[in-house]
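Input: a single structure, listed below in structure tokens.
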Amino acid sequence: MTQATQNPVDIINARVSGYKDLQMLLVNQEGIIEQILPMGAIKADSRASVIDVAGDWISLGGVDLQINGALGLAFPDLTAENAHVLQKITKFLWDVGVDGFLPTLVTTSVEKIQRSLAVIADIIPCKQAGAKILGVHLEGPFLNYQKRGAHPAEYLLPLTIDEVKRVLGDYAHVVKVITLAPELDPTGEVIPYLRSLGITVSLGHSQATSAQAQLAFELGATMVTHAFNAMPPLHHREPGLLGAAITHPDVMCGFIADGEHVSPTMLQILLRASYQEKGLFLVSDALSPLGLPDGVYPWDSRQIEVKNGTARLADGTLSGTTLPLLVGVQNLVKWGICDVETAILLATDAPRQAIGLPGIAKSQPANLLRWHWDEATKELTWQRFLG
């Protein structure tokens with residue numbers, strides 16, 4: 001969504017995650033980052049507009065790899081008739097600091113999955129005036145019944161190549177990530193097949209042991225869906241799926257920082273035990289009421305009640321949040337779990353890394369956020385900047 005500027009822009013005295021000391025970012029007339037250099041490395045361009053951010057942090061916008069809907073629309077309910085709402089959602093997400101996202105389809109019928117995939121496949125090639133749709137995240141239907149959480153049991157499927165082909169249909173090229181329970185495939189054939197299609201495999205809603213998870217990583221799985229949730233807890237004799245993941249240098253775990261899905265204390269343990277932004281990334285796991293007030297809303301054939309940004313089924317089952325991605329960044333800093341730089345990376349560069357996209361660097365569009373830490377109020381705030 002970067003727009004060409006009338007003149008080049010030099011951003012000076014910026015803190016940039018991943019770079020030491022204060023930096024200057026040189027943005028050309030086309031809105032592209034030409035250089036990120038230490039302050040004083042070169043003289044400012046006499047043609048450029050100079051913006052002094054006085055030590056504030058500059059980052060790319062967030063990338064949300066697990067978001068189930070917004071503005072009242074759940075992505076599994078996409079149709080040709082309501083596709084225009086998806087366009088509104090891209091604009092809404094842009095306004096809450098998200099540059100790109102994976103519309104996430106939770107477990108439902110194969111017919112509804114393919115209907116949603118067809119709509120998204122038609123929209124992706126179009127120029128999007130907002131957050132970019134980077135592909136689709138299929139969260140199911142190949143999940144363990146015992147760890148299904150809020151996913152409807154009647155639509156869960158066995159994990160076989162034939163069933164995967166039936167679910168993907170003609171839309172494998174649209175799917176970027178799929179969450180599955182690896183223990184459902186004793187043959188070990190499905191993960192390599194999905195990787196051959198260019199799909200990133202994430203483990204979740206699973207009862208996998210540490211050994212089963214390790215085998216899945218050897219077969220090509222590289223992610224874990226919402227760490228701690230819908231999987232066995234860490235245990236000192238059986239570390240399980242999560243223990244195998246956070247000690248693996250090539251696996252990244254998504255996590256939710258709303259204070260409800262995972263205790264802040266456990267998040268602190270998670271960050272200390274893993275490789276921080278090299279092994280973790282923030283997700284919102286937001287549901288369709290994102291952008292709407294608290295209340296009772298339809299969710300597939302059931303209802304969810306949203307209170308203070310947390311959504312639960314009638315029986316109390318936790319089903320998701322309605323908090324935007326960048327609230328997680330602010331929470332991590334507010335709770336004292338990590339520093340500002342790490343928190344920003346967890347929502348911006350880390351999710352990009354998880355799906356093979358570059359972080360902030362030369363030649364990237366200057367869709368930037370400016371973050372300000374107020375020492376007096378101990379508050380972290382952000383605003384769109386240039387993009």
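At-a-glance table
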{"quantity": "Relative counts (whole %) of C-alpha pair distances in the range 285-387, using bins that are 10 Å wide", "calculated": "13, 33, 31, 19, 3, 0"}
{"quantity": "Spin-label pair GLU238/ILE32, simplified geometry with 7 Å Cα→Cβ offset, distance in nm", "calculated": "5.4 nm"}
{"quantity": "Calculated FRET efficiency for the pair LYS362/LYS278, C-beta based, R₀ 35 Å, to 0.05", "calculated": "0.95"}
{"quantity": "Estimated D of the range 242-314 in µm² per second, where Rh is the Kirkwood radius over Cα pairs and Stokes-Einstein applies at 37 °C, 0.692 mPa s", "calculated": "235 µm²/s"}
{"quantity": "Debye equation applied to the C-alpha atoms of the range 120-240, log10 I(q)/I(0) at 0.09, 0.11, 0.12 Å⁻¹", "calculated": "-0.26, -0.38, -0.45"}
{"quantity": "Antiparallel bridge percentage (DSSP; both residues within the chain; nearest 5)", "calculated": "50 percent"}
{"quantity": "For the chain, alpha-carbon Rg relative to the globular expectation (2.2 N^0.38 Å, N residues)", "calculated": "0.98"}
{"quantity": "For TRP299, residues with placed amide H under 5 Å, excluding near neighbours", "calculated": "ILE304"}
{"quantity": "Scattering profile of the range 206-264 at q = 0.24 Å⁻¹ [log10 I(q)/I(0), Debye over alpha-carbon scatterers]", "calculated": "-0.96"}
{"quantity": "Heavy-atom accessible area per residue - the chain, 1.4 Å, Å²", "calculated": "42 Å²"}
{"quantity": "Over the chain: helical MRE at 222 nm, DSSP H runs n ≥ 4 each giving -39500 (n - 2.57), nearest 500", "calculated": "-7000 deg cm²/dmol"}
{"quantity": "Percentage, to the nearest whole number, of Cα pairs in the range 91-155 over 14 Å apart", "calculated": "62 percent"}
{"quantity": "Area projected by the alpha carbon convex hull of the range 1-90, averaged over all directions, nm²", "calculated": "8.2 nm²"}
{"quantity": "With every protein chain in place, the chain: carbon and sulfur % of accessible area (1.4 Å)", "calculated": "51 percent"}
{"quantity": "For the chain, with +1 on Lys and Arg beta carbons and -1 on Asp and Glu, the positive-most of LEU368, TRP94, ILE120 along the dipole", "calculated": "LEU368"}
{"quantity": "Trypsin sites (Lys or Arg not before Pro) restricted to the range 279-376 and DSSP loop, no more than 13 other C-beta within 10 Å", "calculated": "LYS362"}
{"quantity": "Dipole magnitude (debye, nearest 20) for the range 237-387, charges at Cβ of Lys, Arg, Asp, Glu", "calculated": "240 debye"}
{"quantity": "Neighbourhood charge, 9 Å Cβ-Cβ cut-off, centred on LEU157 and excluding it, Lys, Arg +1 and Asp, Glu -1", "calculated": "0"}
{"quantity": "Amide H partners (placed H, <5 Å) of VAL50, local residues excluded", "calculated": "ASP10"}
{"quantity": "Rg/Rg_globular for the range 37-92, with Rg_globular taken as 2.2 N^0.38 Å and Rg from C-alpha atoms", "calculated": "1.99"}
{"quantity": "Distance histogram in 10 Å bins (all Cα pairs of the range 18-163, percent per bin)", "calculated": "10, 30, 23, 18, 13, 6, 1"}
{"quantity": "Subset of LYS88/LYS112; LYS88/LYS165; LYS20/LYS334 violating a 26 Å alpha-carbon distance limit", "calculated": "LYS88/LYS165"}
{"quantity": "Pairwise label distance in nanometres, ASP21 with LYS378, each label 7 Å out on the Cα-Cβ vector", "calculated": "3.2 nm"}
{"quantity": "Length released on extending from ARG166 to SER109, taking residue separation times 0.36 nm less the Cα-Cα span", "calculated": "19.4 nm"}
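The values are calculated or read from the model by the stated rules, or taken from the named source; none is laboratory data. Everything numeric here is computed off the predicted structure, so don't read it as measured data. Every residue, glycine among them, receives a Cβ derived from its backbone with ideal geometry; neighbour counts consider all protein chains shown. Areas reflect the complete protein model, heavy atoms only, side chains present, ligands, DNA and RNA absent. Shrake-Rupley method; radii C 1.70, N 1.55, O 1.52, S 1.80 Å.
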